[in-house]
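**Student:** Questions regarding the structure given below will be posed in turn.
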Amino acid sequence: MAEIRLKNVTKRWGDFVGVQKFDLDIADKEFLVLLGPSGCGKTTTMRMIAGLEDITDGEIWLGDRMVNKLEPKDRDISMVFQSYGLYPNMTVYENIRFPLKVRKVPKDQHDERVMKAAEMVELKDFLDRRPAALSGGQRQRVALARAIVREPTAFLMDEPLSNLDAKLRVSTRAQIKNLHHTLKTTTIYVTHDQIEAMTLADRVVVMNKGVVQQVGTPTDIYDKPANTFVAGFIGSPAMNLVDGELRDGVFEAGKVRVTGLPTTHNGKVTLGFRAEDATIVPEGGELSAPVYSMELLGDASMISFRVGGELVSIKAAKDYRAEIDEQVHAAIPAEICHLFDSKTGARLGA
Amino acid sequence: MSGTSMIARRRSRTLATVSTLFLITWLIVAAFPFLWTVWGSFKVESDFFSRESWLNALFGVYTEMQTGAPFTGDGYYGAWITRDFWRAVVNTAIVTLCVTVISLTIGTLGGYALARSGHRYAFWILIAALVFRAMPHITLVSGYLLPFFELNIWGHLATSIVVLVAINQPFTLWMLHSFFLSIPKDLDESAMVDGCTRFQAFRWVVIPVMWPGVITTGLFSFLLAYNDFAVTAMLLSQDNQTMVPKISSFLGSIQEQGNVMFAVAAVVSATAPLFLLVMFFQRQIVSGLTAGAVKG
Amino acid sequence: MPHKTFLAFILPAVIAMLLFIALPIVSVIVQSLYVEHEQVLEEVENCGPFGCTTEVRVDAEATAALKSADPLGRFNGLGTFFNRSHLAVSEIGVILADNDGLGDIAARIYNLPFYKALLFTLSYTFIVTPLGMILGFLIALSVNSVSQVLKGPVIFFSLLPMIITPLIGSLILFWMINSQGILGSALQALFNDPTLSLKASTPLTWLTLFVYGVWTAAPFSFVVFYAGLQTVPGDTLESAMIDGASRWERVRYVIIPHLGPLATFVALVQLMDNFRVFEPIVGFSAEANATSLSWLVFNDLQGESTQLFGSAAATSLLTIAGVIVLLSPVLVRTWREFSNKA
């Protein structure tokens, strides 16, 4: 078990920058999630840590070893792949045992360790099947068992849940969380699903276009997004973002007018607020606009408006009803608002 | 049922009939020459090349007259025993076996590297292989002869084997490359994370999954070596001749002596293994042809 | 994959290709610049009872010595390329300067061995390739539309003409079209002409070779197109049916565009293979009426004691140039795609 340090890690293919100066210390036993849209460099970062991708620049340290030049097999990490990478010609038992076999772990330990790993992921009944005879969820658990069987320095998981159906995803997510609690092994987990990131992570790294956007606990990045990208990526629905003018603490953008913002900044800004923070009010309020559409979510009703070019959503009580094109008012108090620089997208003020 | 669908149905029935007739014609065109030659190889020359009537070849009039039975193995005896065709068969077996095994060994290594390397030079090697694949074999042979005479390696089976392996490489590399591409990269990468070197991952994890591709490519390597005429005819000495050049040398010497039937028997003997090959490996051959096409 | 690992894996294959494909091409280039030694002549005086006569004869020993000392022969520069057996530059000049019209030019150029072979090679390549592909496509369409019962045998028997050794395949057909063979005598009966022989006339020999070519080439197209037909998107076909497309329109607007890339691949492979047509000329003993570039090389090399290495090498190089011209559209396109990507 050890911490992992990335020092200015960069990956370039010709002129294309895959990962730009990734700098991060990952603590021992930490569960770190790399989050971002596809092509943002999160998988590349993980593959560089695993040794499957060359590093153009920078250093990667596992514990007190600089591993830049080490082969994947010499890094003592294990990895769960998106499509699992199971060996189709071996049984489940042989699949889980494979890392022990190639690493020349004494033979008399094999059986015990395979059984223990299989038990942790509830695979004991399937040990003599081949991967082709398993369901998606079972295959996924074989991949997990194969990763945990040899107690490595760190686990790397590359979108391990993305090939599962929604229901299975929730239960496997819980299982991974529980495994991490039991094994206490440093884990790096790549996903594009912000719910997975929020539920699993000790810390989340949000990436976009090869650049780290924000590093923080799930609460941090939810409550204090560092820029409009993070604000627009985290949360379901994502944060509402409205472009407008700020003058003396008053934000104005057509149908939206928010007063009393605690800032000295003037000029063009982007105002953000979450759908669940705003409320529908009978009259007055900071927003007044015709309803664009209304969706029933079960536990709530989602009302959306067209403001400028953007769609703004506000969560209302589950028995709230409104007709399309009906004029509705909403309260967006200054306390729930986030302000971002229009040009750079960076968060303004506190 | 409306009128139009009746018409459509009648038209599609005509179409089916036409297609079926067309296919049966093609079947005859494709298969008849072989069946006819196999049948004829058990006759005497004056039946198979009858001046009177082609029916003689069917009933073996002269065969019965000359040998006392409607079928004769004289052609086979003459070719295999009198003219030492068996030796050519042994040589062919040695050459094709060695060529297939060596081609596959170096081809799987190379094809794997080409499929897994993202570097530019891998692409250029494939393009170079494509150009090499297009070279007529006889033009290469004209490059070999003089150096081989000088080095004193002309005429040996080993020389031909090495040459055929090399000529075979471009095609083998392309085909195996496309088969390897169809194996997910996750597989060898998880093996390497699990503790294998690149070679161990290749040997223990990738190859066991690759068998169908290797077998298919092997069939095509076999066919290339087996069917070759240009290389074996020019590079092998008289004693080391394989079947195909042997048959061509039959033509020069036997036709005058009135023993064409030796050549016919030899041709049928050489076709038999191909027939068996199609029978047992039809699926692999088809998949090999399409693998190159769909991905190339 | 790191460079070092890549190199370790690919090295045997690359060495084999360099030594036995790239190096021979270099060897061909060098050989084409040389020509065989002239025979060493000596004057011998034969003295008999009726006086002495001098005669000139070949000094075999000295010729052999010269040959073994310098096996490449004499340096000849590009001379071989331009001589009568190859590009025949001066002969063409004469023909162009003094002729009786286009027909005469064509006939006389055709009599030059290289152009004769080139004409046949190109005709064979560009006639057999499309015909084979069309026949293969028709077989594939038919197999796709008839019952499953025929499918197995058709595939089985179609593979035979394709994988048959070219020399053996042409011999099998040759024996059948022989004037004493079944097809030959059938044709004689059909045209009521007992002297009819496919071997005797140039057009008939060419026709026979083309038929052989299509016979062996069609199965490859068939198999590839048949596999392609299985991947035609069902949704698109069905929406075409709902949109009211007839059977032919479905073939024309859905199936053929879907098979387009495959057809390019098949055409490329078949062009390469047909361009090196060689064995059928040997098998059909057709050299009197039809020769190909590959056959010319073979013929130069075949001589027992007087192998014409220089001449063979020159023809080989011209053939390779032809291959590169044939491949150039592919190479140019690949190059463009590649430089766009980079």
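The values are calculated or read from the model by the stated rules, or taken from the named source; none is laboratory data. Computed from a predicted model, the values in this text were never measured in an experiment. For neighbour counting, all protein chains shown are included, and Cβ atoms are generated from backbone atoms with ideal geometry for every residue, glycine included.
**Student:** Looking at region A:223-243, which of its residues are buried (at least 19 other Cβ atoms within 10 Å of the Cβ) and touching a helix residue (DSSP H, G or I) at 6+ places or on another chain (Cβ under 7 Å)?
**Tutor:** Correct list: A:Pro225, A:Val230, A:Phe233, A:Ile234, A:Gly235, A:Met239, A:Leu241.
**Student:** Ok, one more. Read through the list (1) under 20 Å from C:Thr216 (Cβ atoms); (2) at pLDDT below 85, then give the number of the only condition that C:Ser147 fails.
**Tutor:** (1)
**Student:** Moving on to the next point. Residues of region C:49-85 being of a type in the set (A, V, I, L, M, F, W, C), assigned to a helix (DSSP H, G or I) and within 30 Å of C:Thr291 (Cα to Cα), which ones?
**Tutor:** Correct list: C:Phe81, C:Phe82.
**Student:** Let me ask something else. Residue check: is C:Ser158 within 7 Å of another protein chain (Cβ to nearest Cβ) and not β-branched (Val, Ile, Thr)?
**Tutor:** yes
**Student:** If the requirement is being surrounded by fewer than 23 Cβ atoms within 10 Å (Cβ to Cβ) and part of a helix (DSSP H, G or I), which of these qualifies: C:Leu183, C:Leu167?
**Tutor:** Result: C:Leu183 is the single residue among C:Leu183, C:Leu167 that is surrounded by fewer than 23 Cβ atoms within 10 Å (Cβ to Cβ) and part of a helix (DSSP H, G or I).
**Student:** So A:Thr199 fits all but one of (1) modelled with pLDDT under 90; (2) within 19 Å of A:Leu156 (Cα to Cα); what number is the exception?
**Tutor:** Going through the list (1) modelled with pLDDT under 90; (2) within 19 Å of A:Leu156 (Cα to Cα), A:Thr199 breaks only (1).
Residues checked against (1) under 28 Å from the mean Cα position of the chain (by Cα); (2) surrounded by fewer than 19 Cβ atoms within 10 Å (Cβ to Cβ):
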site	(1), (2)
B:Ser46	no, no
B:Asn56	no, no
B:Thr63	no, no
B:Pro70	no, yes
B:Gly73	yes, yes
B:Ala113	yes, no
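**Student:** I'd like the residue in region A:299-310 that is under 21 Å from A:Thr259 (Cα atoms) and free of Cβ contacts under 8 Å to residues at least 60 places away in the same chain and, out of all such residues, is surrounded by the fewest Cβ atoms within 10 Å (Cβ to Cβ).
**Tutor:** Once the filter is applied, the top-ranked residue is A:Arg306.
**Student:** Another question, if that's okay. Would you list the helices (runs of 4 or more DSSP H) that sit entirely within region B:182-236 and hold 1 or more residues that are within 30 Å of B:Ser249 (Cβ to Cβ) and of a type in the set (Gly, Ala, Ser)?
**Tutor:** On the way: elements: B:185-193, B:207-227, B:230-235.
Of the helices (runs of 4 or more DSSP H) lying wholly inside region B:182-236, those with at least 1 residues that are within 30 Å of B:Ser249 (Cβ to Cβ) and of a type in the set (Gly, Ala, Ser) span B:207-227, B:230-235.
**Student:** Please go through region A:190-222 and pick out each residue that is crowded, with 19+ Cβ neighbours inside 10 Å, in contact (Cβ under 8 Å) with a residue 60 or more places away in the chain, touching a Pro at 6+ places or on another chain (Cβ under 8 Å) and over 30 Å from A:Val256 (Cα atoms).
**Tutor:** A:Ala197, A:Ala201, A:Val204
**Student:** If you scan region C:141-164, which residues turn out to be outside any helix (DSSP H, G or I), surrounded by fewer than 23 Cβ atoms within 10 Å (Cβ to Cβ) and among the aliphatic types (A, V, I, L, M)? I'd like the intermediate steps shown before the answer.
**Tutor:** So in region C:141-164, the residues outside any helix (DSSP H, G or I) come out as C:146-147, C:164.
Checking which are surrounded by fewer than 23 Cβ atoms within 10 Å (Cβ to Cβ) leaves us with C:146-147.
Passing the criteria: only C:Val146.
**Student:** Would region B:146-166 turn up any residue that is under 30 Å from A:Arg97 (Cβ atoms), away from chain C (no Cβ under 11 Å) and out of contact with any helix residue (DSSP H, G or I) (no Cβ under 7 Å at 6 or more places or on another chain)?
**Tutor:** no
**Student:** Another question about this same structure. Of everything in region C:285-316, what is within 11 Å of chain B (Cβ to nearest Cβ) and either at positive phi or among the hydrophobic types (A, V, I, L, M, F, W, C) (or both)? Give them in sequence order.
**Tutor:** C:Ser285, C:Leu293, C:Trp295, C:Leu296, C:Val297, C:Phe298, C:Leu301, C:Leu308, C:Phe309, C:Ala312, C:Ala313, C:Ala314
**Student:** Determine whether region C:16-37 contains at least one residue that is among the aromatic types (Phe, Trp, Tyr), within 14 Å of chain B (Cβ to nearest Cβ) and touching a helix residue (DSSP H, G or I) at 6+ places or on another chain (Cβ under 7 Å).
**Tutor:** Scanning region C:16-37, I find at least one residue that is among the aromatic types (Phe, Trp, Tyr), within 14 Å of chain B (Cβ to nearest Cβ) and touching a helix residue (DSSP H, G or I) at 6+ places or on another chain (Cβ under 7 Å), so the answer is yes.
**Student:** Okay, moving on. Given (1) hydrophobic (A, V, I, L, M, F, W, C); (2) facing chain B (nearest Cβ under 9 Å); (3) buried (at least 23 other Cβ atoms within 10 Å of the Cβ); (4) over 30 Å from B:Ser12 (Cα atoms), identify the lone condition not met by C:Val266.
**Tutor:** Condition (4) is where C:Val266 drops out.
**Student:** Consider region B:174-217. How many of its residues are at the interface with chain A (Cβ under 10 Å from one of its Cβ atoms), of a type in the set (D, E, K, R) and out of contact with any strand residue (DSSP E or B) (no Cβ under 8 Å at 6 or more places or on another chain)?
**Tutor:** Summing the residues that are at the interface with chain A (Cβ under 10 Å from one of its Cβ atoms), of a type in the set (D, E, K, R) and out of contact with any strand residue (DSSP E or B) (no Cβ under 8 Å at 6 or more places or on another chain) in region B:174-217 gives 4.
**Student:** Still on this structure, I have one more. If you scan region A:274-293, which residues turn out to be touching a strand residue (DSSP E or B) at 6+ places or on another chain (Cβ under 8 Å) and either closer than 16 Å to A:Ser236 by Cα or of a type in the set (D, E, K, R) (or both)?
**Tutor:** A:Arg274, A:Ala275, A:Glu276, A:Ala278, A:Glu283, A:Glu286
**Student:** Would you mind stating whether C:Gly73 is small (Gly, Ala, Ser), at pLDDT below 85 and in contact with a Gly (Cβ under 9 Å, 6 or more places away or on another chain)?
**Tutor:** Criteria met by C:Gly73.
**Student:** Tell me, please, whether a residue that is at pLDDT 90 or above, more than 10 Å from every other protein chain (Cβ to nearest Cβ) and part of a helix (DSSP H, G or I) can be found in region B:110-129.
**Tutor:** no
**Student:** Let me ask something else. Only residues that are of a type outside the set (Gly, Ala, Ser) and either crowded, with 18+ Cβ neighbours inside 10 Å or assigned to a loop (DSSP other than H, G, I, E, B) (or both): list them for region C:26-39, please.
**Tutor:** Of everything in region C:26-39, those that are of a type outside the set (Gly, Ala, Ser) and either crowded, with 18+ Cβ neighbours inside 10 Å or assigned to a loop (DSSP other than H, G, I, E, B) (or both) turn out to be C:Val28, C:Gln31, C:Leu33, C:Tyr34, C:Val35, C:Glu36, C:His37, C:Glu38, C:Gln39.
**Student:** Which condition number in (1) under 30 Å from B:Trp154 (Cβ atoms); (2) hydrophobic (A, V, I, L, M, F, W, C); (3) modelled with pLDDT under 90; (4) surrounded by fewer than 18 Cβ atoms within 10 Å (Cβ to Cβ) is the one that C:Leu301 fails?
**Tutor:** Unmet for C:Leu301, out of (1) under 30 Å from B:Trp154 (Cβ atoms); (2) hydrophobic (A, V, I, L, M, F, W, C); (3) modelled with pLDDT under 90; (4) surrounded by fewer than 18 Cβ atoms within 10 Å (Cβ to Cβ): (4).
**Student:** Among (1) closer than 13 Å to C:Gln31 by Cα; (2) facing chain B (nearest Cβ under 8 Å), there is one condition C:Ile320 misses while meeting the rest; what is its number?
**Tutor:** (1)
**Student:** Here's another thing I want to ask about it. Tell me, which residue of region A:311-345 that is outside any loop (DSSP other than H, G, I, E, B) and loosely packed, with under 14 Cβ neighbours inside 10 Å is nearest to the chain's Cα centre (by Cα)?
**Tutor:** Within region A:311-345, the subset outside any loop (DSSP other than H, G, I, E, B) is A:311-316, A:327-331, A:334-336, A:338-341.
Now restrict to residues that are loosely packed, with under 14 Cβ neighbours inside 10 Å: A:311, A:327, A:335.
Details: A:Leu311: 24, A:Gln327: 37, A:Glu335: 27 Å.
My answer is A:Leu311.
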